[in-house]
Structures are given as C-alpha cells and as structure tokens.
Amino acid sequence: MKVLEDRSEYSQTVGLAAVPLTESDIRLIVRLLGETLSHPGPELDRKHFLLGGLACLVGADVWVWVAQKGGTTPGDVTYFSMIDGGWKSDRQRGIATGATWSKDNQPLHDLMQAKFFTNLRSDGYDDSAWYATELFKQFREPAELDDIMFTGVRISKDVTSTIGLHRSLGRPPFGERERRIAHIITSEVEWLHRSGIPEIDLAPVDDLSPRQRHVMLILLSGRSRKDLAAELSISTHTANEYVAQVYARLGVHSRAELMARFIRGELSKSRSNDV
C-alpha cells in the first residue's frame, strides 16, 4: 500500500527503525490509544484527550494542533483550525502565537514537506544558531519556551495537519525516543488529522492578509484588544478596525462565534466585500 510505503520511507530516512522503544513505552502507547477509544464525548474531545496524552508521553509542556494550507514560506500559510493545551496563561500563548509567521521559522517550515513528518528543532537549527535567532529571543524566550518538535501529515498537496510539541526553558531538547513515539501515533491514527478540519478549499480564511491572520490567531488565543494593539504596535482604534475586518471576512460577529466555528471546523462560506 502506498501509505505504508510512505511511512516506511520516512522511517528509513530519519533512522527511526534503529531507535528502540522499551516495553514500557509500547505499553504506554497502547494504553493511551485504548483510553482514547473509550473516552466519552464527541470526536474532538477524544482528539484533545489523545494530544494531551501524547504530550505526556514525550514530555512536552505545551501542545498545539493546527490545520494549515499552502505557502512555501511561513508568511504565506493560512491556519484554519487550532486546538491546544498546557499553556500557563493567555499571555504566554499570545506571545508564542506571535512567532507564527516569523522568517526564522523557514528552516523548520521546510522540513514539513513529506507525506508524514516528525522533526526535531535540531533538524533545522543547531543550538548555537537557534539561540541566536530573533524567533527565540523575541518570542520563545519571553514565552518561557525553548525546544520544539513538529509531527503531522500532509493531507493533500497544500493542506497539512501539524502538531507542535513544546518544552519550557531550562528543559533538555527532544530526542530520538520522543520522535519515534510521536511519529508512531501521528502516522497511524488517521482521524486525528481530519477531525476538526473545515471544507478548506472554500474557506474565506484564504482571503485574510498575513496581518489579519495574525489578528485572528491572537483573538483565538483569548487575548484582549489592548494586548492585540500592544503586540502589533498599533493604536487601539486600528486594532478594532483589524478585528472588524477579520469578523467580516469570516462571517462572524464575536470572538465567541469565531472560536466556536474554528473548534468545530465550521467556517462560514459567505464572503463580504473588502473592508
């Protein structure tokens, strides 16, 4: 089967087959999948449970799942859905979110092109280069975060489901054991990636400018308009205008409606005139 060949090819490329897992690791993976299967509630609740469990297995302090579309550079990517967990505060989440379209994400972004991918930060940056980036100094360090591991699936040519796993400052980086655990789970549980994704090709989020996308993610993070203005170095009046533009393009009227539609993957298909 082509899917199995893709998984095998990736495993051989990164040497995952040479990384042994202990019986304890295997039992923890099986237990997590079993508990997820029996977890009550809708599929999105099970997804949240599974991703929280994956974060525990690999020792991540924060996890973020996003569905994203297109873009050869971070600035061209459109984010459609997002669920997350482990943040210490909305402030921490907001600072970290601000790094989404940083040019320093390019080496990490370039790693996520295979059908299945699980990449460590060290695949894109060695320690000396990482700690010299503006990405780390302006966003990661102020958010009290350091190492990152990305794992996910390219659902189609330009649509990707990605889970970001983050460790706090002062903690050691992710290693090959954590990479293999994450890869096994995210490459074998197909519904994990499709659950919560809207009809992406029709979604009006495509029309948002990079600045409007940034505003959208800040709104989803729960931060105030005052925080929004401070983060973007704009006036509160201009921040209000950006919020109005985002709401109009997405066909929503409040932050609560925006959040609800993103969580359920139910973006409006109606388009408004440019504002």
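Which of the three applies to the stretch 96-138, rounded, prolate or oblate, going by the alpha-carbon gyration tensor with a ≥ b ≥ c and a/c under 1.5 meaning rounded?
Working: a/c = 2.52, a/b = 1.42, b/c = 1.78.
Oblate, because a/c is 1.5 or more while a/b does not exceed b/c.
Report the full-extension gain for the segment Lys226 to Asp158: residue separation times 0.36 nm, less the Cα-Cα distance, to one decimal in nm.
Values: separation 68, 0.36 × 68 = 24.48 nm, distance 3.43 nm.
Extra length available between Lys226 and Asp158 comes to 21.1 nm.
In which sequence would Ser102, Ser156 go, from the one with the fewest C-beta neighbours within 10 Å to the one with the most?
Going from least to most buried by this count: Ser156, Ser102.
Sticking with the crude label model, points 7 Å out along Cα→Cβ, report the distance from Glu241 to Glu257 in nm, one decimal please.
2.3 nm
Quick one: order Ser89, Ser224 by neighbouring beta-carbon count within 10 Å, fewest to most.
Ser89, Ser224
Normalised by the empirical 2.2 N^0.38 Å for globular proteins, what value does the Cα Rg of the stretch 2-194 take?
Computed over Cα atoms of the stretch 2-194, the ratio equals 0.98.
If you stretched the chain out fully between Ser89 and Glu141, how much longer would it get, using 0.36 nm times the residue separation minus the C-alpha to C-alpha distance? List each step's numbers first, then the result.
Numbers: separation 52, 0.36 × 52 = 18.72 nm, distance 1.48 nm.
Length difference between fully extended and current span is 17.2 nm.
Under 5 Å between amide hydrogens, which residues at least 5 positions from Ile155 or on another chain qualify, with H placed 1.01 Å from N in the peptide plane?
So Ile155 has HN proximity to Thr160, Ser161.
In nm, what is the difference between 0.36 nm times the number of residues separating Gln106 and Ser122 and their Cα-Cα distance? List each step's numbers first, then the result.
On the way: separation 16, 0.36 × 16 = 5.76 nm, distance 1.35 nm.
Stretched out fully, the Gln106 to Ser122 stretch lengthens by 4.4 nm.
Please list the three semi-axes, largest first and in whole Å, of the ellipsoid equivalent to the stretch 34-82, using sqrt of 5 times the eigenvalues of its alpha carbon gyration tensor. Please list the in-between numbers first.
On the way: eigenvalues 142, 42, 9 Å².
Semi-axes, largest first: 27, 15, 7 Å.
Just so you know, all these numbers are worked out from the coordinates, no wet-lab data involved. Please read all numbers here as calculations on a predicted model, not as lab measurements. We place every Cβ from the backbone using ideal geometry, glycine too, and count neighbours over all the protein chains shown.
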